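A short worksheet on the structure shown next.
The values are calculated or read from the model by the stated rules, or taken from the named source; none is laboratory data. Note that the structure is predicted; figures quoted are calculated from it, not measured. Neighbour counts are summed over all protein chains in view; Cβ atoms, including those assigned to glycine, are modelled from backbone coordinates with ideal geometry. Remember, those area values only see protein heavy atoms, side chains included, never the ligands or the DNA or RNA. Shrake-Rupley method; radii C 1.70, N 1.55, O 1.52, S 1.80 Å.
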Amino acid sequence: MSYPSLTITFLGTGTSAGVPMIACDCPVCTSTDKKDKRLRSSIMVQSEKTTLVVDSGPDFRYQMLRANVKHLDAIVFTHSHKDHVAGLDDVRAFNFFQQEPMQVYASDATQEVIIREFPYAFYESKYPGLPEIKLNTIGLETFDVGDIPVTPIMVWHLKMPVLGFRFGRFTYITDASRIDDSEMEKIKGSEVLVLNSLRKEKHISHFSLGESIEVAKKLQVPQCYLTHLSHQMGKHAEVEAELPNGINFAYDGLVIKV
């Protein structure tokens, strides 16, 4: 199958609290290394014709400004937790300049939370300037956003189903603690894989560093980037130096092409 060439920008690579975390004086939160400054996890996927973002967390507005995004075709959601949906209201700016609703792709469960969190965006009679959102329901079947094919991959966030996504030769998975073998098959053959990796110690609903490395090795993807990192992981430069070949920490602003 032929895939378009894609540019991936890491808009945020931190966990729900971000890095630095409020009121924390640990070595990571006080680090002067830019790679230790992590907004909430999100990526931008671009072809020549299409631009989409995965998730719109609390930092969405600043992420769009920082990456100088002038046009956005769609937002694709992994799940409904606050650190992945809280910034959706800020699509208003794109509504204004693009003069069309923002296309949102999400599961039924995620849509229920979006409607509950932003009810005013779905009123029949709306005050001018409120967000214009067009909900598109997704399951596990491949769908297209413009010229970008998107294949959902279901992973487990403890007991909560979360969607990862394969975009051609690139696969993005966040907020996972387990991936069933049948869904692992969808990842095989990727050239680049992104996995969440919260910290070195085991966690109830996120892969730890060791677990992420184990999954990456099992899938034999040539290049793996780790994201959704907490301040408990340690400093970027120090811990990345310990990682196996072909596995790296992602960082805010990292751009890759596949």
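Restricting region 34-56 to residues that are part of a loop (DSSP other than H, G, I, E, B) and open to solvent by 50 Å² or more (accessible area, probe 1.4 Å), which is nearest to residue 6 (Cα to Cα)? This residue is 48.
Scanning region 57-88 for residues that are open to solvent by less than 30 Å² (accessible area, probe 1.4 Å), farther than 21 Å from residue 146 by Cβ, of a type outside the set (A, V, I, L, M, F, W, C) and not in a loop (DSSP other than H, G, I, E, B) turns up 83, 84. Scanning region 60-84 for residues that are over 21 Å from residue 98 (Cα atoms) and among the acidic types (Asp, Glu) yields one hit, 83. Return yes when residue 116 is closer than 24 Å to residue 160 by Cβ and among the basic types (Lys, Arg) and no when it is not. Spelling it out, residue 116 is indeed closer than 24 Å to residue 160 by Cβ and among the basic types (Lys, Arg).
Within region 120-129, is there a residue that is among the aromatic types (Phe, Trp, Tyr) and touching a helix residue (DSSP H, G or I) at 6+ places or on another chain (Cβ under 6 Å)? For region 120-129, residues among the aromatic types (Phe, Trp, Tyr) and touching a helix residue (DSSP H, G or I) at 6+ places or on another chain (Cβ under 6 Å): present. Filtered by the rule that a residue be open to solvent by less than 10 Å² (accessible area, probe 1.4 Å) and more than 11 Å from residue 14 (Cβ to Cβ), region 220-229 gives 224, 226.
In region 107-136, the residue that is surrounded by the fewest Cβ atoms within 10 Å (Cβ to Cβ) out of those that are acidic (Asp, Glu) and outside any helix (DSSP H, G or I) is 124.
Within region 1-29, residues that are at pLDDT 95 or above have Cβ atoms under 6 Å from residues that are among the small types (Gly, Ala, Ser) and assigned to a strand (DSSP E or B) in these pairs: 11/42; 12/42, counting only partners at least 6 apart in sequence or on another chain.
A quick yes/no check of all residues on (1) surrounded by fewer than 13 Cβ atoms within 10 Å (Cβ to Cβ); (2) small (Gly, Ala, Ser):
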position: 194; (1), (2): no, no
position: 207; (1), (2): no, no
position: 211; (1), (2): no, no
position: 216; (1), (2): no, yes
position: 231; (1), (2): no, no
position: 242; (1), (2): yes, no
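Annotation note: Cβ proximity below 9 Å between a residue of region 203-216 that is within 12 Å of residue 173 (Cβ to Cβ) and a residue that is open to solvent by 50 Å² or more (accessible area, probe 1.4 Å) and among the hydrophobic types (A, V, I, L, M, F, W, C) (sequence gap 6+ or interchain) occurs for 206/158. Counting residues in region 139-157 that are within 18 Å of the chain's Cα centre (by Cα), of a type in the set (A, V, I, L, M), under 21 Å from residue 212 (Cα atoms) and part of a loop (DSSP other than H, G, I, E, B) gives zero.
In this structure, is residue 15 under 22 Å from residue 117 (Cβ atoms), polar (S, T, N, Q), open to solvent by 10 Å² or more (accessible area, probe 1.4 Å) and within 17 Å of the chain's Cα centre (by Cα)?
Here the answer is yes, as residue 15 does meet what is asked.
Here region 139-181 is the region considered, the condition is being touching a Pro at 6+ places or on another chain (Cβ under 9 Å) and without any contact (Cβ under 8 Å) to a residue 40 or more places away in the chain, and the residue that is least open to solvent (accessible area, probe 1.4 Å) is 155. In region 162-201, the residue that is nearest to residue 146 (Cα to Cα) out of those that are in a loop (DSSP other than H, G, I, E, B) and of a type in the set (Asp, Glu) is 191.
Applying a threshold of 8 Å to beta carbon distances and a minimum spacing of six or more residues, or different chains, the list of pairs starting in region 224-243 at a residue that is of a type in the set (Gly, Ala, Ser) and ending at one that is not in a loop (DSSP other than H, G, I, E, B) reads 230/14; 230/19; 237/35.
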